[in-house]
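Derivation of every value follows stated rules applied to the coordinates shown; laboratory data play no part. All values reported here derive from a predicted model rather than from experimental measurement. Neighbour counts run over all protein chains shown; Cβ positions are idealised from the backbone, glycine included.
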Amino acid sequence: MVMGLAQLNDPNLILQLANLVSDWPGDKHEYMVDLLITCEPENRYEMYNAIAPKLRFKALSFPQYESQIALRAGEMVSQGRVKVEGQAPKPIEVGARKLEIVPAHEATEVLASVRCHLCPAEARFLGKTAVEAIIKARRAGWVRDPGLNKETCPDCAEVQRAEEIVTLNRSENLIVTDRRHSN
């Protein structure tokens, strides 16, 4: 409060907020959660991406902060401090199983969601650990593109095996087709 915050349209506001979080004498991550909660949910990711690079400590990932926000909201609902209105969030479905998000110490399984970077294909895999869930994705034919570090679905991976695709950069590929062995 002594510093006084810049106006909303002032470019220095983000740096001031990052400094407030970085200089906080208590739990900096908890303070970051408090700050993100004040923002409308649809704008939180943008706020996180604006502040996190300016922090003087390593910020948690955005999903980790989102989980902390959800846990805090759940605690407030269970304690009767807030009333929930509207529709309950839909459970996550993997096959015939319905899952709910719980704190890490209560979790019995891990969900790995993969999305193909070449087509709209998506899939979810469950495992006792994150590694087991990803191994299941690999067994189902999902491949990690080493050049882009992104997932490729089994169908697109098959096309890539038929034609060697050399990644030039994030937006350009070179397709090499060897027809010497075709009949």
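Quick notes on this one:
- Shape category assigned to the chain from the gyration tensor of Cα positions, a/c cut at 1.5: oblate
- Shown in residue order for segment 40-56 are the 3J(HN,Hα) couplings computed by the Karplus curve 6.51 cos²θ - 1.76 cosθ + 1.60 at θ = phi - 60°: 4, x, 6, 10, 4, 4, 5, 5, 4, 5, 7, 8, 3, x, 9, 6, 9 Hz (x for Gly and Pro).
- Going by neighbour counts of Cβ atoms within 10 Å, the residues THR108, THR129, THR167 line up, fewest first, as THR108, THR129, THR167.
- The ranking of LYS128, LYS54, LYS28, LYS83 by Cβ neighbour count inside 10 Å, starting from the fewest, reads LYS83, LYS128, LYS54, LYS28.
- Note on HIS105, HIS29: ascending count of other Cβ atoms within 10 Å places them as HIS105, HIS29, the fewest first.
- Anisotropy class of segment 92-176 from Cα gyration tensor, a/c 1.5 cut: prolate
- Using the average count of surrounding beta-carbon atoms within 10 Å as a protection proxy, the listed peptides 151-158, 135-142 rank, highest first, as 151-158, 135-142.
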